[in-house]
1. Against the conditions (1) closer than 30 Å to residue 356 by Cα; (2) modelled with pLDDT of 90 or more; (3) not assigned by TED's automatic domain parsing to the domain that holds residue 208, where does residue 276 fall short? Just the number, please.
2. List the number of the failed condition for residue 282; all other conditions in (1) touching a strand residue (DSSP E or B) at 6+ places or on another chain (Cβ under 8 Å); (2) outside the structural domain of residue 311 (by TED's automatic domain parsing); (3) outside any strand (DSSP E or B); (4) modelled with pLDDT of 90 or more hold.
3. Is it fair to say residue 560 is in a helix (DSSP H, G or I) and either closer than 24 Å to residue 668 by Cβ or at pLDDT below 90 (or both)?
4. Can you tell me which residue in the range 495-518 is farthest from residue 553 (Cα to Cα), limited to those that are crowded, with 16+ Cβ neighbours inside 10 Å and under 45 Å from the mean Cα position of the chain (by Cα)?
5. Of everything in the range 269-280 that's touching a residue at least 60 places away in the same chain (Cβ under 8 Å) and loosely packed, with under 15 Cβ neighbours inside 10 Å, which residue is nearest to residue 349 (Cα to Cα)?
6. Pick out the one residue from 212, 218, 190 that is over 22 Å from residue 102 (Cβ atoms) and not in a helix (DSSP H, G or I).
7. Please indicate, with yes or no, whether at least one residue in the range 32-45 is surrounded by 19 or more Cβ atoms within 10 Å (Cβ to Cβ) and part of a strand (DSSP E or B).
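The values are calculated or read from the model by the stated rules, or taken from the named source; none is laboratory data. Quick caveat, the model's predicted, so the values are computed rather than measured. Neighbour counts run over all protein chains shown; Cβ positions are idealised from the backbone, glycine included.
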């Protein structure tokens with residue numbers, strides 16, 4: 001099987017969960033005769049949703065990579081999850097694609113998943129097309145959805161290419177706004193004429209020569225119109241909108257033909273390397289490919305997906321990992337239709353391929369035939385918004401769990417694993433509760449271990465609002481050499497995390513013991529007096545003390561410094577501080593009241609509100625302690641249509657009533673441990 005880049009069309013299918021993306025992909029494969037029977041999500045026979053988790057939930061969780069031939073063109077396309085927490089599956093699919101086909105529900109219109117899909121298309125600088133599905137439903141309204149798109153992205157940008165004939169159960173076909181007006185039903189003639197005029201204006205603006213002819217009243221040929229639409233789509237000046245119903249197989253052929261006729265070939269898709277070099281694809285010369293995704297296969301281990309950027313890559317050949325200099329052997333190249341693997345011998349620019357058992361290659365690496373090839377820029381992913389503290393159920397499984405979680409994180413960069421040195425917990429983070437639950441289920445499969453999860457402890461900090469002095473004499477006789485050290489120190493607030501000053505005069509404490517005093521203070525700062533938290537923003541000055549020629553030692557001075565620091569902290573008006581997060585919430589307007597009220601209950605502060613791509617955007621600052629289940633709560637409040645991002649902002653002093661509750665809880669648990 002040989003491929004030509006000019007005849008390849010490479011796109012990602014994206015949109016809100018439940019809009020019919022997977023059913024559309026199944027239908028495209030069936031219409032192109034890539035499969036013998038039409039897959040069905042409900043019957044658990046979908047080519048895309050083939051994993052047990054997806055079949056159980058009847059919803060996409062992982063991105064499925066698919067391929068078929070249509071009108072002598074080769075499609076490489078991906079069916080992506082629409083549920084927000086699985087964004088780590090969607091971003092790599094966009095990176096591998098040359099266009100985005102955004103699917104919208106004809107009833108629900110522009111939902112959060114579709115907004116996210118358009119936003120990703122813009123950030124990856126790829127053309128965007130829209131398909132309004134489910135127009136066979138009684139309450140569907142194509143023209144209302146088009147109006148929503150135009151309000152969000154521009155009236156002269158989102159332009160219908162096809163219009164529905166009939167509505168609801170009477171929806172029977174679509175007509176192209178570019179076809180002979182005589183074939184268009186009377187009730188659509190005026191609307192179609194307006195769309196055609198906008199499209200011709202867009203075509204003319206894309207080419208000065210065509211504009212002169214168009215303004216001069218000349219008739220443009222079909223080839224010229226298609227070329228102009230291609231250029232407008234590529235530049236982002238046009239988002240063509242198609243009407244249809246996957247259930248009735250209406251309008252899908254028109255979408256597939258539109259992708260062939262006006263979307264770009266892989267040879268037009270230039271990319272910028274990490275060093276700023278513009279990479280222009282070509283079929284000859286040194287081959288290079290970008291590894292956009294890795295998966296863990298239970299049978300073959302790590303499996304890498306890559307898109308060929310330039311040149312041709314062949315099965316059973318050697319290639320260089322440009323990121324780490326490792327030489328890799330490429331075995332049998334394959335492309336996929338869901339879980340079906342189809343072997344190929346050669347891949348050209350635009351091909352999405354997979355290969356097993358690369359030794360030292362991971363997601364984000366660039367492969368090249370020559371060291372002269374350029375390393376491509378990495379992908380960026382959003383920060384996690386939900387975390388578990390994880391621990392082993394069975395003693396001795398800790399290493400297995402950590403190794404397994406690290407492998408999962410390599411395959412999905414929106415998963416993070418870290419050991420929190422302040423709370424001494426292993427924190428596993430992701431984009432939502434369901435996201436982490438599915439990841440932990442995968443961990444059980446690959447590592448065969450049981451994991452216990454709990455809500456992570458909040459890494460509170462302690463600081464001071466005043467000055468305080470502390471003194472401690474450490475004296476111990478146990479036969480032979482004793483222990484002796486006396487330390488006087490003063491503490492005060494500081495802009496730095498920690499400052500230490502030596503103000504001892506007259507040799508009250510010899511200089512060789514001063515580092516031991518500092519070490520003792522640093523150790524004491526690891527467990528503050530209020531709630532056993534790390535102390536920060538303190539300046540400590542040691543100004544006096546005593547020593548003994550025989551009995552003084554570094555250990556004695558460390559002990560004395562720890563005790564003196566604790567006494568000084570208690571006199572310096574200590575306060576508890578908590579991490580505060582900057583939160584950005586995207587939601588339909590009708591949920592804004594519920595969200596702002598809910599944030600007030602969570603001690604949140606509203607910073608600002610704005611509109612973006614048809615959604616309301618609310619910016620706030622909220623204590624981390626209040627956000628442990630916010631991903632689930634927001635989804636419940638907004639019927640699954642809201643999403644949020646968060647990142648650390650700063651530490652702030654905890655309100656006295658909240659601080660008292662935290663301190664009392666700590667002291668009660670501490671007392672139980674002592675008992």
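1. With (1) closer than 30 Å to residue 356 by Cα; (2) modelled with pLDDT of 90 or more; (3) not assigned by TED's automatic domain parsing to the domain that holds residue 208 applied to residue 276, the lone miss is (1).
2. Failing condition for residue 282: (2).
3. Spelling it out, it is not the case that residue 560 is in a helix (DSSP H, G or I) and either closer than 24 Å to residue 668 by Cβ or at pLDDT below 90 (or both).
4. The extreme case among them is 500.
5. Narrowing the range 269-280 to residues touching a residue at least 60 places away in the same chain (Cβ under 8 Å): 269, 271-275, 277, 279.
From what is left, the residues that are loosely packed, with under 15 Cβ neighbours inside 10 Å are 272, 274-275, 277.
Working: 272: 15, 274: 19, 275: 21, 277: 18 Å.
Across the range 269-280, the extreme among qualifying residues is 272.
6. 218
7. no
Residue by residue, here is whether (1) surrounded by 24 or more Cβ atoms within 10 Å (Cβ to Cβ); (2) at pLDDT below 95; (3) assigned by TED's automatic domain parsing to the domain that holds residue 203; (4) more than 20 Å from residue 638 (Cβ to Cβ) holds:
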| residue | (1), (2), (3), (4) |
| --- | --- |
| 106 | yes, no, yes, yes |
| 115 | no, yes, yes, no |
| 135 | yes, no, yes, yes |
| 144 | no, no, yes, yes |
| 159 | yes, no, yes, yes |
